[in-house]
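K.L.:
First, the structure itself, so that you have it in front of you.
The values are calculated or read from the model by the stated rules, or taken from the named source; none is laboratory data. Just so you know, these numbers come straight off a predicted model, no measurement behind them. With ideal geometry, Cβ positions are generated from the backbone for all residues, glycine too; neighbour counts draw on all protein chains shown.
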Amino acid sequence: MSDSVQTTLEEASRCPRCEQPGEFAGERELKSVRNAKLKMFTCKNSRCKWFNTPWSVQVNANGTIPPALLNRPKQFRPLPNDGGRTLENLQRQLEIEKGSGGEVSRLR
């Protein structure tokens, strides 16, 4: 979605799967964003895969709705290049946990 396209509450309150209007299920204030509210909706279309599944919509203090952060590339930190020690430690931990009577030691 382009930044210039403004989403309305009516659009955002539609089910992400079937696009039918969702049923309002409550709201709460967001502590992380000043004066913003989180409105919750539930899909009531019994033919939809999201039937009775809730979703939320952030509404800023000025009434705007920020763009959804769906389908964006994931940003995970890369694993450290430690010559395979992390993988060896994980494998050793798995063997200890699967075995009987083993004591889990602090990995180095």
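K.L.:
Could you look through region 48-69, keep only residues that are closer than 15 Å to residue 14 by Cα and assigned to a loop (DSSP other than H, G, I, E, B), and pick out the one that is nearest to the chain's Cα centre (by Cα)?
P.N.:
So the residue we want is 68.
K.L.:
Further question on the same structure: Just checking, does region 34-46 include any residue being of a type in the set (Ser, Thr, Tyr), exposed (fewer than 11 other Cβ atoms within 10 Å of the Cβ) and modelled with pLDDT of 80 or more?
P.N.:
Yes.
Let's see how each residue does on (1) at pLDDT 85 or above; (2) surrounded by 10 or more Cβ atoms within 10 Å (Cβ to Cβ); (3) of a type outside the set (S, T, N, Q):
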| residue | (1), (2), (3) |
| --- | --- |
| 61 | yes, yes, yes |
| 68 | no, yes, yes |
| 81 | no, no, no |
| 90 | yes, yes, yes |
| 99 | no, no, yes |
| 103 | no, no, yes |
| 106 | no, no, yes |
